[in-house]
Every structure is written in structure tokens, then in C-alpha cells.
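The values are calculated or read from the model by the stated rules, or taken from the named source; none is laboratory data. The model shown is predicted, which means the values in this text are computed figures rather than measured ones. As a convention, Cβ positions derive from the backbone with ideal geometry for all residues, glycine included, and neighbour counts pool all protein chains shown. These accessible areas exclude ligands, DNA and RNA; they are computed on the full protein's heavy atoms, side chains included. Shrake-Rupley method; radii C 1.70, N 1.55, O 1.52, S 1.80 Å.
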Amino acid sequence: MTTYFTTATNTSPTDTVTGLLHRMLTQHMIDAVLVQAPTPYSKLPLPMLVTDPEQLAGAEPLAPVAPFNAARQAAAVTRHAVNQRIALVMRPCEIRAWIELTKLNQCVRDHVVIIGFDCLGRMANDTYLNEINQNPDLTRMFYTGSALHANCTAACQRCTRFLPSQADLAFCFLGTAPDQPVIAAATATGRTLLKDLDLAETGAPPQREAAVTDMQQERRTTRDARAKEINAAISTMAGFQELIATCLNCYNCRTACPVCYCKECVFLTDVFAHAPETLLQRATKKGRLKLPTDTTMFHLTRLAHMAHACVGCGQCSSVCPSHIPVAALFQTVARRVQDTLDYQPGRDANEPIPFLVYGKKEDQ
Amino acid sequence: MQQWYPDFFDRFGTLTVFDLLEDYLASGRIKVDKTAHPQRALYHDPCNYGRKSRELFGRGYFDQPRRVMDQCLAEWTDSQPSRGNQYCCGGGGGTLLTPFKAPRIHYGRRKIDQIKQARAELVVVPCHSCHGQIKALLAAYEVKGVEVKYLWEVVADALIVES
Amino acid sequence: MSTPNATAAQSPAIAVAGAGITGIHSALALAELGYRVKLIQQAPAVGGLLTQLDHQFPNNHCGMCRMLPLLDRDDGVQTCLRRGIYHDRIELLTAARIEAVAGSPGRLCVTVRQTAPGVQPERCDGCGACEAACPVSGPDDFNAGLTRRKAIYKPVPHQTVRVIDWQACTACGACAEACPRDAIQLEPQAHTIDLKNIALVVQTGGARLYDPGTTDLYGYGSLPNVVSALAFERILSSSGPYQGRLLRPSDRKAVQKIAWIQCVGSRNLTIGADHCARICCMVALKEALLAQRKIGPDTSATIFYMDLRTFGRDYQRYRDRVEAAGVRLVRCRVHSLQPAGAGDDLMLSYLDADGNLQDEVFDLVVLSTGMQPEQHHADWTTHEGVLVVDKHPELKDAADSVIAAGATVARAVKRLRDLHPQSLPHQPIEKIKEIPEDVLKQRPVVCLAVMPSAAGAPIDWDTIANRLGSLPFNIVMEQLESPPDSLAANRLLLAGSQTPAAMSALIGPWADTTGLPRAFLETVSLDGATTENAWQRLGPAIHRLHQRSQPAQHRQAMYDGALVIGGGPAGLTAALTLATNGIATTLVEKSDRLGGRTDQIRDLRLRDRIARTADAVRNHPALTVHLNSDVIHCRGPAGRFITQLRVGRKTQCAVFHGATILATGGHPALTENYGAGRHERIVPLHELTAAVDAPDSQINRQAPQHVVMIQCVDSREEPNNFCSRICCIKALNTALKIKQRHPATDITVLYRDLMTYGRHEALYTEARRRAVRFIPYDPARKPQVIVDDHAITIKGYDPLLAEPVSLTADWLSLATGVRPNPVDSLDALFGVTMTADGFVREADSKWRPVDTGREGVFVCGLARGPARAGDTLRQADAAAMRALRLLRRKTLQPSTATARLRPALCSLCASCVAACPHQARYLDAENRHMAVDAAACQGCGACVAACPNNATVLDGPTATDIMADLETAL
């Protein structure tokens, strides 16, 4: 059950968020917060673990950019329980990835407050830097009008899961007036926090549902169109090979992926460190052999391992030096897998990973 | 009888009709013609000579009558089930003398099934009650073309009489 | 026929007669304890009756292979037992029988007469040309006569090598002429083998099913489409006459309407069968359910029965499931079958619940025939040193057989210890040795040894040789029949045409003779291969051998103590058996005394035995008894448990032990129904029974007029939906005792199904002879008990009379059954699973009846399920033997196929823990990485599949092995 609160201040969306974080830190409701903020050296905001409320100035939680999926950094901070309360400010896809990581014992939710917001999308890093240099008011404009939304990544344009599920509290921008910020509390933790901050309860924003539905519809159309293209492309092995033809085995996509959690990827281990005899044997069999071998194998393996957990953040495409549409490929296949298994990554921390569940034996 | 009056029968001895017939046939005292009965024949084990005799006296007469049948008939069939599991005809225990005709005709329905299944034209029974009952069953169930004979009747009718 | 490992020559040898379930389990149990076994089987194949049954209740699958060893798996080959039994310490002699036993225990000479099989297994590749050529054919007993077979035939369809049935063979020689591999020797000589220095002989029973051939009331043999239960099982089987399609014999029509007739060959005084054949009710329920599943919604399955004997722990629920699936259960004994009209259908008559006579037509009728008691033992079984599993003919199901085998092995081990006090069960010989560095550093040279059976196969070896030459490996090819003394190679691949299992069994002997490490040998079965698919099998094997390196499993330390929870009859027996086998055992008992509910056991001999056991337990130097104690927690993998005990309510102590036996027991249930507590003579059955046994009790001094017994009180329905198994037998025993003392007393038993199974049927017969009255009741119409003015009236309903009945009783007994003793968090403490009714669930109800799902934790007695006292004591011994195979070791060498962790790669995601079906993965908190419980791991590979980056691997096959296979195939 979601309860809505309002702050009744008249500030920019960014200030609404940082203002609340400031109060939470000052009043010792939290001990630290992980929030996006630029370093002194660049306007590109990076995850910052802040303990001093005064140093929240300049934080950019809502900037339409995510240099990488912050879930992994969030997991680093929450690997095991500490006796400090930590707030994590994350995009919906980052929250979902982080939830999946809790299922894999990579992090824990004890003493953690998840703070989300309606995500309208992110731009590529260099696009953002370009835009912010020309327009310091970028973030506010991004949240008050839709002109800049076309600059967002292709993955974002396809995203239908832009509401933060599993967040304790979430800033609502869809269907709300920009000068009347609304914060949704979905858990008891969230409700207690907002009450302790003396925020007033309010009703659900009347236009929210329609706004969300509209946006979902739009995104769905884009997503389905792209899926059609991808499905056609990968319907044959040759088509699949064509799609990944320029892959360099750099493994950037894997590094960027928040749910690829292995300490060391199997492709770096002895399993794929083929002996010369093996390579020669393969080469002899076909007459010639592209090196490195196992490029297709890598993508198929990664799909097999994490398609159920793909959160659609699109970082894989963002980092691919060969501009392969990795995100589109993975999102399309992932959606088919997730639909078949009736599984949504990040939907519920108690939902077990499908391939670790034995089917119920009907004879017992 | 021998069991109940052993002293008396010590002097006289007893024989069943089966012993008698077998003895006559085996010793050659009588000779029979196997072709005398060309019909399809079926043998029926009476309860008294079979199961009941076995239970009371430890001996049931199953094989002897069949050996006699073998001697007198070129071909005959055994029913299913037979011997100790033979279906009762329903006419024993004095029911022929009682007014309970409808029940005993009903009890005998399995017998008629057996006769029909075997496509028998002749039913051979060594028992007086069975003989009467089976005739009654054939009439009640309107089964035509089936003759009923006693075992010794069959022997008698197959006798080769030298003149 | 496998030959024993030469280095095991020192352990005592035991001959086991019979290789059915009891024999196989006995042989494996003894072999696992380090003894050598000569397994002697009369039939040409092992497995007995169970080879013909593909589906067993309650899970409707087979599971015979679950008897195979879980530890030391390299000592044998894991394969379906229908294909044979392969273990380094078991020598199998088929078509053999013991003729005489001479000498004294420890040095017996066993004379065995063995018939030649006619076909040499080493040469045969199973092509079948012999069978095709054979002119003789007869009914195939394996398929219950539904099909025919030749005089040269496969005794079990799963085997490759055929044998000759010398009784049927006409010695025409057609098979020998047709055989391309010269594998047939048409000399039916039986020869005598003298097995010398045999320590003991174990004689197992034989299970035979009643042959309904003599039951002509059901037309068996004359009416078409009347089949025995075994025949129906064969019809259901995919290896059966109709490949698993449900057709009927006469016209191969698909069957839709089936009737089962229960109690054929049993419960029938006219054929002298005063016994219940024990298994047929459950078998019929299972068959009906399977038929329903196969045919679908158009099935009509009906079971005609007198009492549905679902007396096993979970069997009532199974029955409920079967009824819910739409199977009709009709309580009426069918007299006979008739043909229904002119066709092949069958008709039977029965009385329905309202007493009306119904005639019904069926496509197929199944005669439920069950166990036939074995009648006699051969003379040599009385010789000293021969242990007979069942002194009296017992009617057992598979679980009983496995337990009886375990109990017999306990007796055998005891005798062996008496003979040689120093020879406690041996530590198994360790097969996997470290490979010296210099050997590992050598460049691999693979020798492909082509055995005679493969040399003659339709494979173009020149092509193979060419392809081998094109591989970048060093390979030599040779034709070898037996292990050579020296080998110009350091890896060996044996290629033969025997089955994979038979080939694998060669690794041990060949490794020993050539001196090569076992890891450097592989076998390939070319059974039925052509050149192309021979290459598919050989190529990857060579690749694997080439990259094979040191198996990296390290030995792990084991604790050799045992912990027994519960000091009742089961716990005492298990504890003493373990202690007398040299195991330091700790017994933990919650109450202040030993003995549990011995007071409930009526058999004085057993009570006496338990009392003596308790004395022995108290005084045994290897046994520590803690009364007033319980378990706080238990940690650790199998073989290395550390349990913290609360002793005497004040102190704590830690026990280090390798195995745990749960014997937490049960108690008689009480009830508040049927007027309990409202009259001093309305008592639970166990109280009446005790009163009848007490010489001075009121019921003995003053003859009652009418005793009424109500069975199934608060049982066989929620919340206690199980049969307590002992109450019907107890009730009838009590009734007979009352009748003995007071012949004029009337006794009426109100029951649902009379569970006097097996030999106990004689009690029911005797009770009826003594004029005890039996009135069945339906749970929907339970008897009402009215108590007023100190009189007890029971109002019931007699379905035969179709009238209500009113009984006045001066004693009313209520059979309330047993309940398991509740133990807080027993499942969490020991990692076991509980059934819905609070019993500890065993690993497999038939094949591992005293194991739990957790290696190292065993269960026996009432904690496992309702059982009679004799069964409980046997279970306790069987559980002790299961524990013993884990104990008596200082270290455990993990088998080759065991999961292994590479800690540097592990992300601690614990997916392996969730994926493991054997509870063999856990977090080693101290070392901060996931770990493998090598004693529990079965090498299934589920964790390897679940681990994304091969942090967990299996040493056979590895990921690279699998890739090599794929590449050869592509």
C-alpha cells in the first residue's frame, strides 16, 4: 500500500531531493547516502558515498545520466550488514539489479533505505556532458518538459519499467505538477521516515495513472518494434553472427552489466584457455578458425546465465566499442525468457531465481 | 457310508458307480463304441460328488467320470470352470422338491451360460438332481437342441451288445 | 561377470545366495564394509522380480539403482541393476546354485553348480543374429507369457549378451553358425565350483508371485484378456510386449475399462491360502492410477476388494490420491468371470453398496496376485555358518527386503567379529592414489586398445586409424585381449563391444595390472556402433585422456563416533550394534530412563531382549549414555558432525561424530471421541490389551458379556491421515486372548479395512472361527457411542444387513494408533525432512528405507513410521549398518565424480546450495567460501550447472570434456 506525501516547498526537483537527503542526514535518520554527484574535475556525476550533509551541495541525483549501473557500487557498500543506516539513491533499473544481487548473496537489505524516483531516461555520457555544458539548467528542463527526452539512449526509449518498485520512498514526477512534488512511501520504513520528517500526507496524484499508462504505451510500441527487428535478425545462426560480427571479446558489456556478478568470468578461466592442440584441431576441422574463438559462445553463455535477470539498463550497449546493439539483443531475448518463466528481475526480493527451483513433484 | 458305519461295511464293502463303471470298462467286461454319440458333449461335476465329497471325505470324484467320458465319447468338452470350481446347477439341497422354483432357475443361469458357451448338444451329469434341474433350466431359458443324460446312460447307450 | 580386485585379497569372503533385492542389498552392504562377496544367482540375470516392475509405489517410478553405493563410488559401476551388478569386491556367478556347504564358519567350502551360459560375454557384441536364427520359441516368462522368446535370448531386455535356455535348446547349432564373432559354445555342461575359505553364507529368500494358473474361476488361461498383475505391469512397461501402450492381449485393442480383482491366491481357505499376499492392494492402486494417467479421462478403472490394505505410513494418502483421480473402489469379492457375449470382453457380477446385484462388462481384468510364501529351505541352509534371512517364510515387499538384508548383514558382521575378533569391518581400499610429478610431466601418449569383441565389429578400423593420425596427439593402436605387462603409452583407452557398465568394470583390473593411475584409463563401449558413430565415441575419449591431469580431491578427515538420539527399543538396539562393532557411541535420551515405550510391546521374548539390550548398553565401555539430555545444535558435513548436547539440564558437552541415528520414537495416541473419558470401561486399545495380559485385571477376573472394539479411531483421516499399522493385529490378538479365557464372551469389531496383512491374516481367520463379529463402517457414517446410567451403547450400521445396529457393551476399546514423539525443530537440527504427519521422511521408502535425505543421518523405529516391534529392531540394525559404512574410517577419499570448489573464483552466491539435491553444498563460514560435503556429494553435477563460472567443477566429466564431446559430434 502506497502512501503519498508532499513537501509543500517550491524548489527545483533536484533541490527537493537533496533537501530531503540533507534533513535525513542532519537528523541522523541515516548515517550515509549513496547519491550521484560530480567530482571537482568533471560535470559527469558519479556515485558518491556522502556522510557529511554539507557535502550534499552540488549532488545531481536526478541528472539524466548514469555513467554506469550503480547497483554494483551499491552492493559494495551493502555487502554485509553494518550497524549504520545507509540510503541508496538509485534509478529503477539500478534498484532492480541490486535486488537481484541480494538474491545472489552479493549484498543485504538490512539497515538500508532505498530511495527511488520516476526515471524518464538517461543520456549517453558524452551526450550529457555536451548538453550540460551548453545548458546548466538541463535537469530541471528535463523533468519539466519532454523536448530533451529524445536524447536518451535507445534502451531507455524502450523501457516500460520506469517506476521504482521495491523502493522505500520514491519521488514522483509523472502526473504531478512540477511545483507540487509528491513522494510515495511504499514500505513501513518509508512511511516512518517521511512522517518523522513532518511531511504531510496527500492523496494519490489524480493524473498519475494516466501519465504512467501513456508513457508505458509509448515505450512498449518502441520496444516491440525493436524486438521484431532483433527477432528477425537472430532467427538464423547466420543472422546472429552478423549481429555480433564486429565483437572484439573485450568483455566491456559483461563488465558494465550489473547482474553479471561473477568474481572472475568463466571466459577468463582455464575452461576457455584452449590448448594449442584444441585450436589446431578446430582449425583443421573447418579449414580455418577465427581467433579469438568463442565469441558467439560468450554471448550465448551470457544470455543463458543472466537473461532471466536482465533489467534493461542498456549499459552494455553504452560501453560497446563496436556499437553492437547488445542491449537490444539481450533485452529482447530476456523478455522472452522472463515471460516464459513468469519471472521479473527485481520485482520481489523473495522470488527465487527460477533455475534454482525444483519443480514440484506431482507424485509426492 | 464307510466312514459312518465302518463295522457294517467291513463285511460288505462299498463301491461308487464310478468305481464300478471304470472297473467294468478296464477289465473289458463291457465294451463301448465311441461313435455312438456324435453330438458335442459337455460334462458337469455335481457338487455332492465333487466339492462336498472332497470336503467331507477328503476325496472328490473329478477324474474318474472324465476317464469314463473319454472311453465313451470320441470328443467332449470340459466346462470353464470345472472340477472343484464347477458352477453349481442350483438344483441341489432338495430345492427341486420345494416351491422355490424361480430362485433356483435364477441360480442356474450361469450353468446355461456355460452350456451355451460350449455350444453343447448333450450335457452329461452323474447326479439325479442335476439332471432334473438342468432339464428345467433348458426349458425355462428356452434353450433348444440340448439333450441331458446320466453318465451311466451314456455308457449304456454306447454299449456294444454282442448278439 | 566381474572379477574382484586382487589387492582386496585379505578381507574375508562371504557367499550370498540369491541376487534379488535382498541378495543385492546384502552383497553391496557387505562389500561397502570392505568384505569380499561371492554373489550366487540361480537365474541368468540379477534383480529377480523387481526387474519386471518399472513402476513402484508410492512415487510410481523404479528406483532400484538407489541401492548402489553412495560412498566409494569408484569401487563399482553405477548402472541400472537390470544390466548387472559391478563392484570390485563382488564376484557374480549367474546360472549357479549352491549344492553343499561344508567345513566350519570362517573356513567354509561352498560347492556351487554353475550352468554354462552358452555365450561368451567377452566376445559377444549383442548383434542378435543368433536369436534370429534360432528355430525354437516358447512363452517369455519375463513378459508373463504375453510374448514369446527363443531358446537363445536376453534374460532381461536391458542386457546385451544373450544366454541359452538349455531346457528349450535343441542343439541344432543354428545360433553358433550365425554368430559372426564365434561367441557361442553349444556345450550345456554344468560344472562344479568349490569356493574355499568362505567365512559365512547368507541365504536370501526368493520372491515369487502367486501363479493364478490354477484359479479357473477367473478363466485365467482360457478366457482372453484376463491377466495377472505381473502381466499388467509388463503391459505398462515401455520394454514390455506393447511398448508401454495399454492394449489387451486378444485383439490388441486399446483398453479403456479395466477391473482389478483382489485377493487372488490369498485369503482363500479353499486353496489352503490362509495368508494375505501383502502387496497386491497397493499394486492395484498404483496400476489403476497409472492406467488412468496413460489412457486419460475416458478410463474406467475399478478395484474389487474386501479390505484395502494400505497399512504403510503414506499409503492412505496414496489411496486418497487414487480415488481422487477417479478410480472406483468397490467392496465386494468377485466370484468369477464370464465371457460377455460373443466378443473378447469380460463380465463380472458384484453387489453394490445398496446390496443390488450388478453385472458389468470390462475390456480387461487384472488378477491381483501377490507374494507367495516360499515353502522350503535346502538342506545346506542348516549348516553352521549359514545365515538365513527369514527363518519362517515371510511375505515381504521391497522395503522389508532391504531392511531384512541390513539386519542380516548386522548378524553376519557380528558372526565375523566372533570368528576373528581383530577383523572389524575394513577400511575400504583406497583407489585413488597421487600421481607422481614425473609421471604427470610426461607427454601424454594414448594407447587405444581394441578388444576382441570390437575387433570383429562392423567398424572400418583403417578409417579410424587414419582419423587418429590426423589428430595432434600421440596415439598408438593395439589389439589387446587382456592387460599387457608393459605398455608403450601412459594413457589407455579400452574399446570393446560390451555394455558401458561392463566396460567400466574393466578399469580396476586393468589399472592394477598395468600400473597406470586409474585416472589415466578410460573405456568406450562400441556396442552396436558403425564406423561413424564409433568415431563419435572414440574421438572425445582420446581428447579427454590427453588433457586428463591429477584428480585434485584431497582426503578429508572423518570422525568415527556415532550419536544415537533416543533410548527406546530402536535407539538401544542401534547403539549396541554400533558399540559392539567398535564405534564409540553416545546415546542421548530425553527422559530419565532407558526403554522408551517397551511397555507397549506384548511379545515377551522381545521385551526380554530389549531389557537385555538396555543392560548391555548401560555397561558397554564404548557407549556413553546421557539421560535427561537433548540436542542444542548440530553442525558440519557428513562424517564430521559436531553436536552440542545439553546434558542433565545443567551442563553442555560437544560430541564429534561421523553419523547420527534418529530414534526419537512414538507413543500411543489418546482420543476424546467415542465417549472416551466418560466411562471407566471405554479405553484406548493399548490399555485393554495391557489389561488382558495382566493376570489380576478386572477383565480377566470377571468374564465380560460383550466387548466392542472400534478401529481407526482418529486415524486415516485428517489431521492424522495415516494407518498406524499395528492396531488391527493388536485388536485381534487381544480378542483371541479374551476368547481363550472367556469363550462365551461376545466380541464385535467395528472396522474400516482390516489391516491383517501377510501372515497376520491367520489371526483374522481364527477370530472368525471363534465367532468374533466384524462390522465394517464407512468414515462418513461412524459409530455413535452413547453413555448413560453407566451403560455403553454403540450405534452403528451394518452394510451387509443394510440395517442400523445397536450394540450394548461392557467394554469398549478404541484403537487410536500411534503418533511420533514431537521433537522441536528435529528437521532444522539435523537437516532432515518431516512428512505431513510428523514422521522423519526417509530418503526412499523402498530402496533406502532407513537413510534420510542427508548422508550421515539415519532413522529407525517409530520416528520413521508406525511399525511393529520386530520390524523396529530390524530397522535399528539396518540403520546401524548404514552408519557403519561411514564410520571406521580415519579419512574419506572422495570418489572421482565429486564436485570440487576453486575458491578463488567463488562469488559466494550460494546457487550451488540451492541446486544440490543431496544437501552436499554448504558455506564454510570459517574459510569464507562455499564447500562440498564430499561424503554426501553424488557427482550429479547440478551445482556445476548452476555455477556460472566453473568455480565448482566435477572431475568427470569436466567442462572441457563436454566441449571435446560436442566438437567431435559437430
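Table for the structure above
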{"quantity": "Residue within segment C:942-963 that is under 21 Å from the mean Cα position of the chain (by Cα) and either of a type outside the set (A, V, I, L, M, F, W, C) or away from chain A (no Cβ under 12 Å) (or both) present", "calculated": "no"}
{"quantity": "Test: residue in segment A:120-137 that is assigned to a loop (DSSP other than H, G, I, E, B), touching a strand residue (DSSP E or B) at 6+ places or on another chain (Cβ under 7 Å) and at pLDDT 95 or above", "calculated": "yes"}
{"quantity": "Complete set of residues in segment C:276-296 that are hydrophobic (A, V, I, L, M, F, W, C) and either surrounded by fewer than 21 Cβ atoms within 10 Å (Cβ to Cβ) or touching a Pro at 6+ places or on another chain (Cβ under 7 Å) (or both)", "calculated": "C:Leu290, C:Ile295"}
{"quantity": "Filtered residue count, segment C:124-141, keeping only those that are assigned to a loop (DSSP other than H, G, I, E, B), open to solvent by 50 Å² or more (accessible area, probe 1.4 Å) and touching a residue at least 40 places away in the same chain (Cβ under 8 Å)", "calculated": "1"}
{"quantity": "Test: residue in segment C:67-74 that is surrounded by fewer than 22 Cβ atoms within 10 Å (Cβ to Cβ), within 30 Å of C:Leu290 (Cβ to Cβ) and either at pLDDT below 90 or polar (S, T, N, Q) (or both)", "calculated": "no"}
{"quantity": "Entirely in segment C:146-236, the strands (runs of 3 or more DSSP E) that have 3 or more residues that are in contact (Cβ under 8 Å) with a residue 12 or more places away in the chain", "calculated": "C:190-203, C:226-228"}
{"quantity": "Members of segment C:199-224 that are away from chain B (no Cβ under 14 Å) and touching a strand residue (DSSP E or B) at 6+ places or on another chain (Cβ under 9 Å)", "calculated": "C:Ala199, C:Leu200, C:Val201, C:Val202, C:Gln203, C:Thr204, C:Gly205, C:Ala207, C:Arg208, C:Leu209, C:Tyr210, C:Asp211"}
{"quantity": "Members of segment C:328-360 found to be within 22 Å of C:Ala284 (Cα to Cα), open to solvent by less than 50 Å² (accessible area, probe 1.4 Å) and either within 13 Å of another protein chain (Cβ to nearest Cβ) or assigned to a loop (DSSP other than H, G, I, E, B) (or both), listed by number", "calculated": "C:Cys332, C:Val334, C:Ser336, C:Leu337, C:Gln338, C:Asp345, C:Leu346, C:Met347, C:Leu348, C:Ser349, C:Asp352"}
{"quantity": "Selected residue [modelled with pLDDT under 95, within 28 Å of the chain's Cα centre (by Cα) and within 26 Å of C:Gly582 (Cα to Cα)] from C:Arg848, C:Arg888, C:Arg882, C:Arg874", "calculated": "C:Arg888"}
{"quantity": "Filtered residue count, segment A:92-106, keeping only those that are away from every other protein chain (no Cβ under 11 Å) and outside any helix (DSSP H, G or I)", "calculated": "0"}
{"quantity": "Test: residue in segment C:914-924 that is away from chain A (no Cβ under 14 Å) and touching a residue at least 60 places away in the same chain (Cβ under 8 Å)", "calculated": "yes"}
{"quantity": "Some residue of segment A:50-61 being at pLDDT 95 or above, within 28 Å of C:Arg928 (Cα to Cα) and either open to solvent by less than 10 Å² (accessible area, probe 1.4 Å) or away from every other protein chain (no Cβ under 14 Å) (or both)", "calculated": "no"}
{"quantity": "Candidates C:Pro509, C:Pro483, C:Pro517, C:Pro472, filtered to the one that is free of Cβ contacts under 8 Å to residues at least 12 places away in the same chain and either touching an Asp or Glu at 6+ places or on another chain (Cβ under 7 Å) or more than 14 Å from every other protein chain (Cβ to nearest Cβ) (or both)", "calculated": "C:Pro472"}
{"quantity": "Filter pass, B:Gly94 being at pLDDT below 85 and either among the polar types (S, T, N, Q) or under 27 Å from B:Ala139 (Cβ atoms) (or both)", "calculated": "yes"}
{"quantity": "Subset of segment C:297-306 [in a loop (DSSP other than H, G, I, E, B) and crowded, with 23+ Cβ neighbours inside 10 Å]", "calculated": "none"}
{"quantity": "Some residue of segment A:327-335 being charged (D, E, K, R) and either at pLDDT below 95 or surrounded by fewer than 17 Cβ atoms within 10 Å (Cβ to Cβ) (or both)", "calculated": "no"}
{"quantity": "Qualifying residue in segment B:41-50 (condition: among the small types (Gly, Ala, Ser), surrounded by 13 or more Cβ atoms within 10 Å (Cβ to Cβ), within 14 Å of chain C (Cβ to nearest Cβ) and under 21 Å from B:Cys130 (Cβ atoms))", "calculated": "yes"}
{"quantity": "Lone qualifier among C:Ala457, C:Ala502 - being outside any helix (DSSP H, G or I) and more than 14 Å from chain A (Cβ to nearest Cβ)", "calculated": "C:Ala457"}
{"quantity": "Hey, B:Glu75 touching a strand residue (DSSP E or B) at 6+ places or on another chain (Cβ under 8 Å) and not aliphatic (A, V, I, L, M) or not", "calculated": "yes"}
{"quantity": "Failed condition for A:Val77, given (1) surrounded by 24 or more Cβ atoms within 10 Å (Cβ to Cβ); (2) over 12 Å from the mean Cα position of the chain (by Cα); (3) among the aliphatic types (A, V, I, L, M)", "calculated": "(1)"}
{"quantity": "Residues of segment C:587-606 satisfying the condition of being free of Cβ contacts under 8 Å to residues at least 60 places away in the same chain, within 12 Å of C:Thr573 (Cα to Cα) and not in a loop (DSSP other than H, G, I, E, B)", "calculated": "C:Leu587"}
{"quantity": "Residues that are within 14 Å of another protein chain (Cβ to nearest Cβ), open to solvent by less than 30 Å² (accessible area, probe 1.4 Å) and aromatic (Phe, Trp, Tyr), drawn from segment A:236-270", "calculated": "A:Phe267"}
{"quantity": "In segment B:1-60, the residues that are modelled with pLDDT under 85 and part of a loop (DSSP other than H, G, I, E, B)", "calculated": "B:Met1, B:Gln2, B:Gln3, B:Trp4, B:Tyr5, B:Gly13, B:Thr14, B:Leu15, B:Thr16, B:Gly58"}
{"quantity": "Extreme residue, surrounded by the fewest Cβ atoms within 10 Å (Cβ to Cβ), among residues of segment C:18-49 that are part of a strand (DSSP E or B) and at pLDDT 95 or above", "calculated": "C:Lys38"}
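Quick grid of which residues meet (1) away from every other protein chain (no Cβ under 14 Å); (2) in a helix (DSSP H, G or I):
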{"position": "B:Arg67", "(1), (2)": "yes, yes"}
{"position": "B:Ala74", "(1), (2)": "yes, no"}
{"position": "B:Gly93", "(1), (2)": "yes, no"}
{"position": "B:Ile115", "(1), (2)": "no, yes"}
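Yes or no, residue by residue, for (1) more than 18 Å from the chain's Cα centre (by Cα); (2) over 30 Å from C:Gly272 (Cα atoms):
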| site | (1), (2) |
| --- | --- |
| B:Phe9 | yes, yes |
| B:Gly13 | yes, yes |
| B:Leu42 | no, no |
| B:Lys52 | no, no |
| B:Arg59 | no, no |
| B:Gln64 | no, no |
| B:Cys72 | no, yes |
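Residue by residue, here is whether (1) modelled with pLDDT under 85; (2) of a type in the set (S, T, N, Q) holds:
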residue: C:Leu395; (1), (2): yes, no
residue: C:Arg415; (1), (2): no, no
residue: C:Val439; (1), (2): yes, no
residue: C:Asn466; (1), (2): no, yes
